[in-house]
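What follows is one structure encoded as structure tokens, with my remarks underneath.
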Amino acid sequence: MTFILQCPVCRQPLLATPSGYQCAAKHSFDASRQGYVNLVLAHNKHSKEPGDDPEMVLSRRRFLDLGYYNQISDGINQAIATVLSESASAGDCSVLDAGCGEGFYLARLKEALAHGRDPHLPIEYHGVDVSKFAIRQATQRDRSMGWFVASINDLPFLDDSLDLVLNVFSPANTPEFARILKASGSLVFVSPGPKHLNGLREIIYPVTREHDAPAITEKAKGLFSPAAVQRITYPLELIGNQTIMDLLAMTPYYWNIDRETKGKVAALDRLQMDVDVEIRVFRKKSGDGAGELESGLEK
Ligand SMILES: C[S@@+](CC[C@H](N)C(=O)[O-])C[C@H]1O[C@@H](n2cnc3c(N)ncnc32)[C@H](O)[C@@H]1O
Ligand SMILES: [Zn+2]
């Protein structure tokens, strides 16, 4: 097995120990009881509990487990299966879900790829999120994966160490993704399409406008070449108030709308809406395009 984790303090490789990980300079990070490792350094924390809070994490888990977004997950899995079958790398294959939340997409990816892949070429799965509540939930989906509390702005992986980075509805840092990807590596970026959540948005905003195109293509320029785009759209009928409120809690609207508007959503028992999601595949460019980019942080 190759070592791909990087010490957040001194940037040397992190090696597995019986209790967690340690680098040559003896910076050590213990695994939690649940099986994840926290690699956020206290002085780099910008708030006491960064990332999604327990309520948001549990809402997302309840909603996703009902299967409403399985088609999105299936589309992602297909895109990744194609990327990995085309990639030149014949040795160890490592995948990272950056901003993995409570682990829904990574767990389904592993299930999908378990079939039809040469068992002698296993894939190592890693999930990173800055919310420790999200990562705790993720460990419950599959303890055999590498789950880490860390920021996408300081990923605990060595340069050129991963085959694929997946980023779903989460902040993105394209220079950091390019740093950790191997020369043949790919980024799979998933974001809302123009009509995503229409139906819910019409209740929240008197005048709805389409989601803007994501800035990723512009941000990725220099480091990545666009390889494929796929759009997944389908109508969805949500039934039950808990499910509708769970969806609301997964969106930024939950925090931005006033009490009266939240009351309107809380009174709903059924909701007709659109799912509209874009999956973009980028390939890491060879050479040193890094200098062309300023900041790739994307919301
Ligand atoms: C909208 S959720 C998406 C989660 C998951 N990908 C999904 O679609 O179910 C955004 C996630 O990004 C995480 N997040 C926010 N800022 C982050 C950062 N700087 N580094 C890593 N994760 C971050 C949040 O904690 C949250 O879990
Ligand atoms: Zn160290």
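Values quoted throughout were computed directly from the atomic coordinates according to the rules given, and no laboratory measurement underlies them. As the structure is a computational prediction, the values presented were derived from the model and not from experiment. Please note: Cβ atoms are built from the backbone with ideal geometry, for glycine as well, and neighbour counts cover all protein chains shown.
Most simply put, the chain has about 60% antiparallel DSSP beta bridges, counting only bridges with both residues inside it.
Ranked by how many other Cβ atoms sit within 10 Å of their own Cβ, fewest first, the residues E102, E49 fall in the order E49, E102. When a/c is below 1.5 the answer is rounded, else prolate if a/b is larger than b/c, else oblate, so apply that to the chain with a ≥ b ≥ c taken from the square roots of the Cα gyration tensor eigenvalues. Cα axes put the chain in the prolate bin.
For the range 162-299, a crude dipole built from +1 on the beta carbon of Lys and Arg and -1 on the beta carbon of Asp and Glu, taken about the Cα centre, is about 240 debye to the nearest 20.
Put a plus charge on the Cβ of each Lys and Arg, a minus charge on the Cβ of each Asp and Glu, and nothing anywhere else: the dipole of the range 68-204 about its Cα centre is then about 400 debye. Over the chain, dividing the summed -39,500 (n - 2.57) contributions of all DSSP H runs of at least 4 residues by the number of residues returns a 222 nm mean residue ellipticity of -8000 deg cm²/dmol. Pairs of lysine residues in the range 15-285 that meet both criteria, 8 or more places apart or on different chains and Cα atoms under 24 Å apart, total 18. Database remark: amide H of D97 closer than 5 angstrom to the amide H of H126, G127, V128, L166 (H placed geometrically; neighbours at sequence offset of 5 or more, or on other chains; Pro and chain starts carry no H). In the chain, the longest principal axis of the Cα atoms and the axis of helix 104-114 are about 60 degrees apart. Based on the Cβ-Cβ distance from V9 to Q71, what FRET efficiency comes out when R0 is 41 Å, to the nearest 0.05? Once the sixth-power term is evaluated, E becomes 0.45. Using the Cα gyration tensor of the range 28-133, with a ≥ b ≥ c the square roots of its eigenvalues, what is the shape: rounded (a/c below 1.5), prolate (a/b larger than b/c) or oblate (neither)? Oblate is the answer for the range 28-133, as a/c is 1.5 or above yet b/c matches or exceeds a/b. In order along the range 34-41, the phi-based Karplus estimate (6.51 cos²θ - 1.76 cosθ + 1.60, θ = phi - 60°) of 3J(HN,Hα) comes to 6, x, 9, 10, 8, 10, 8, 7 Hz; Gly and Pro are listed as x. Taking K264, K285, K132 as the candidate residues, the one with maximal mean-square fluctuation in a Gaussian network model of the chain, Cα springs under 10 Å, is K264. Taking the charge dipole of the range 15-285 about its Cα centre, with +1 at Lys and Arg Cβ atoms and -1 at Asp and Glu Cβ atoms, the residue from N77, I257, S151 reaching farthest to the positive side is S151. In this structure, the amide hydrogen of S161, modeled 1.01 Å from its nitrogen in the peptide plane, lies closer than 5 angstrom to those of L181, K182, counting only residues at least 5 positions away or on a different chain. The ranking of I135, I216 by Cβ neighbour count inside 10 Å, starting from the fewest, reads I216, I135.
Couplings 3J(HN,Hα) of the range 52-63, computed from phi: 5, 8, x, 5, 5, 5, 6, 4, 5, 4, 4, 5 Hz, in residue order, whole Hz [Karplus 6.51 cos²θ - 1.76 cosθ + 1.60, θ = phi - 60°; x for Gly and Pro]. Residue exposure proxy: F148, F29, ordered by other Cβ atoms within 10 angstrom of their Cβ from fewest to most, comes out as F29, F148.
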